[in-house]
Amino acid sequence: MMEIERKFLVTSDKYKTEAFKTSEIKQGYLNSHPERTTRIRVQGKIAFITIKGKSSASGLSRFEWEKEIPADEALELLKLCEPGVIKKVRYFVKSKEFTFEIDEFSGDNKGLIVAEIELKSENDTFDKPEWLGEEVTGDLRYYNSQLSKNPFKNWGK
């Protein structure tokens, strides 16, 4: 399946009042190579293993395969992951037929807030809320797999 998404920085916390749902997420990477990543994610009481391919030249799309797995097995697999487990709270905000997923990171990535919107095609248009800032689609630093290796707390150094 092809994943098409755009990624933005967030300029204020107004998204919190617009969110219809939140979820705590803990995720790690069994493999974080830029051309193929294998992620383990625990989100509440459910868990997933996800494999993602290399991003397109535009950074907007890439292959993604995901399967739900038992949460207890995912917690065991997290122990095998590369160093740098990601922790965040995800806020879900509706925008007409799309949903923004806003990730507020904690731990070594505290202070970073990123919004993603998954699209049906690279040419889809959508309303941009006032809290949506600079687009960072395709910027590898903002990929969770890279944040696990080079966390936000180190960026100013």
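The values are calculated or read from the model by the stated rules, or taken from the named source; none is laboratory data. Since the model is a prediction, treat every value here as computed from it, not as a measurement. Cβ atoms come from the backbone with ideal geometry, glycine included; neighbour counts cover every protein chain shown.
Listed values, structure above:
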item	result
Qualifying strands (runs of 3 or more DSSP E) (wholly inside the stretch 81-157; at least 2 residues being of a type outside the set (A, V, I, L, M, F, W, C), touching a strand residue (DSSP E or B) at 6+ places or on another chain (Cβ under 6 Å) and over 24 Å from E35 (Cβ atoms))	86-95, 98-105, 132-135
Every residue from the stretch 47-62 that is of a type outside the set (A, V, I, L, M, F, W, C) and in a loop (DSSP other than H, G, I, E, B)	K54, S55, S56, S58, G59
Where E66 falls short, out of the listed (1) surrounded by 18 or more Cβ atoms within 10 Å (Cβ to Cβ); (2) in a strand (DSSP E or B)	(1)
The stretch 24-42, residues that are within 14 Å of E68 (Cα to Cα) and out of contact with any helix residue (DSSP H, G or I) (no Cβ under 9 Å at 6 or more places or on another chain)	T38
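Yes/no per residue for (1) surrounded by fewer than 12 Cβ atoms within 10 Å (Cβ to Cβ); (2) under 21 Å from L78 (Cα atoms); (3) at pLDDT 95 or above:
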site	(1), (2), (3)
F8	no, no, yes
T11	no, no, yes
E18	no, no, yes
K21	yes, no, yes
E24	no, yes, yes
Y29	no, yes, yes
R36	no, yes, no
I40	no, yes, yes
I46	no, yes, yes
